[in-house]
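Engineer: Okay, here's the structure, questions in a sec.
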Amino acid sequence: MAGLPFQPPRPGVLEGAIPVAAASAPAIPPNNRTSEKPPNLLDAMNAAGADEEAVAEAPAKPKPTRKATRAVRARAGVPILRLLWFEPAVVKRIRAMTDWEELCDPPTPPPSAEPRHVDPIRDERAREERDVIAVLSGARPAPSSALVGVVERALGEHGELSPPVVVVAGELTMCFDPRERVRAMIAAATPLVTHDAALSASLAAARGALDDPALEGAEGIAKALLSHVRELVAKCKRGPTQAFLDAEVERALVAQRKYQKQDVFGRPWLRAELLTGAEEGPTLVYLPAALGPLLPLAERFQVRMVAEVDLAQDLAASDRRPLVLRAMAIARFVARSALAP
């Protein structure tokens, strides 16, 4: 070895080391995959399990409750609703309507065998009342002009009619007994015309005619007597004004609830008229006779009703309206602005 020339080491190579690529060689991009070969079945199952655990651990997005949905739909201008009465049979009818299904609460689950605290809010009666109120406030009211179409869609294969149920809204005007109106007019005018003997005698004669049982239900004669009494009062120079008498008569009829009654559909009803729009005529409405004491002391008030649309029963009526509404639930509503002082 002594006569051999000296050989220095090559650059970049160390003794005992494995040679590496030169610095000028392009860098290989890093590979994030653990293996170039496709994952086997076990790897796929493990990955799916990890994804499911991640989803389970993530907080679930709460679904909006029915109460929250109704609260979103509510607006500041929604009027105040005061339920006056509803017929128990109406609950089944409104729950069967597909258009109103989302407005009603879901059925109460059957009670479990284990003893539990009974929540009175979940009582069936309370749930029925909530469903009626929800439909009255949330369903779209049908105008009077649409009632004919509602009836036509309810006709069966052979033309038979099963009275459909609708929600209506508007101004309800109570009809008072025509004979009681004449009595109230005479009672209001008599003390004010005592100085006129002839007028007092005429009013007494008109009062006696009203007591004749043969005039029961004779609406035309009662209206004629009312016109006669008005003419008598107008002839009195020192008598009360007609506007004053009309106001007193209306106040007396409302205070004494002298509503006009009619026996139709197998039982007595109170007559009223519903005006759903300024451009539409009033629709005759029948209210149960027992509802009288629950109505507000006013001749006119705003209402929302669930009612059956049926054919008119009083074929001798002078108005000849072909369709009537038979109330099944009624609520009074007042604008919130009315609460302002």
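Engineer: Each residue of region 198-209 in order: what ³J(HN,Hα) in whole Hz does its phi give by Karplus 6.51 cos²θ - 1.76 cosθ + 1.60, θ = phi - 60°, with x for Gly and Pro?
Structural biologist: Couplings: 5, 5, 4, 5, 5, 5, 5, 5, 5, 5, x, 5 Hz.
Engineer: Ordered by residue, what ³J(HN,Hα) values in Hz, to whole numbers, does region 271-278 give under the Karplus form 6.51 cos²θ - 1.76 cosθ + 1.60, where θ = phi - 60° and Gly and Pro are x?
Structural biologist: Karplus values, whole Hz, x for Gly and Pro: 8, 8, 10, 10, 10, 8, x, 5.
Engineer: Work out, step by step, the length gained on full extension between residue 256 and residue 338: first 0.36 nm times the residue separation, then minus their alpha carbon distance; give nm to one decimal.
Structural biologist: Details: separation 82, 0.36 × 82 = 29.52 nm, distance 2.59 nm.
Fully extending the segment from residue 256 to residue 338 adds 26.9 nm.
Engineer: Can you order the peptides 136-144, 324-332 by their average number of other Cβ atoms within 10 Å per residue, highest first?
Structural biologist: Working: 136-144: 16.9, 324-332: 22.9.
So the order, starting with the most tightly packed, is 324-332, 136-144.
Engineer: Say R0 is 30 Å: what FRET efficiency, to the nearest 0.05, do residue 298 and residue 198 get from their beta-carbon distance? Please report the intermediate quantities before stating the final value.
Structural biologist: Numbers: r = 37 Å, r/R0 = 1.22.
E(calc), rounded to 0.05, equals 0.25.
Engineer: May I ask you to compute the full-extension gain from residue 224 to residue 84, defined as 0.36 nm times their residue separation minus their alpha-carbon distance, rounded to one decimal in nm? Don't skip to the answer; put the middle values down first.
Structural biologist: Working: separation 140, 0.36 × 140 = 50.40 nm, distance 3.55 nm.
Taking 0.36 nm per residue and subtracting the Cα distance, the gain is 46.9 nm.
Engineer: On to the next question. List the extent of the Cα atoms of region 176-282 along each of their three principal axes, largest first, rounded to whole Å.
Structural biologist: 48, 36, 23
Engineer: If I take R0 = 25 Å and measure r between the Cβ atoms of residue 205 and residue 291 in this structure, what FRET efficiency does the formula 1/(1 + (r/R0)^6) give, to the nearest 0.05? Each step should come with its number before you reach the end.
Structural biologist: On the way: r = 36 Å, r/R0 = 1.44.
Using R0 = 25 Å, I get an efficiency of 0.10.
Bear in mind that the values in this text are calculations on the coordinates, not laboratory data. In this text, all values refer to a predicted model and were calculated from it rather than measured experimentally. Note: ideal-geometry Cβ built from the backbone for every residue, glycine included; neighbour counts use all protein chains shown.
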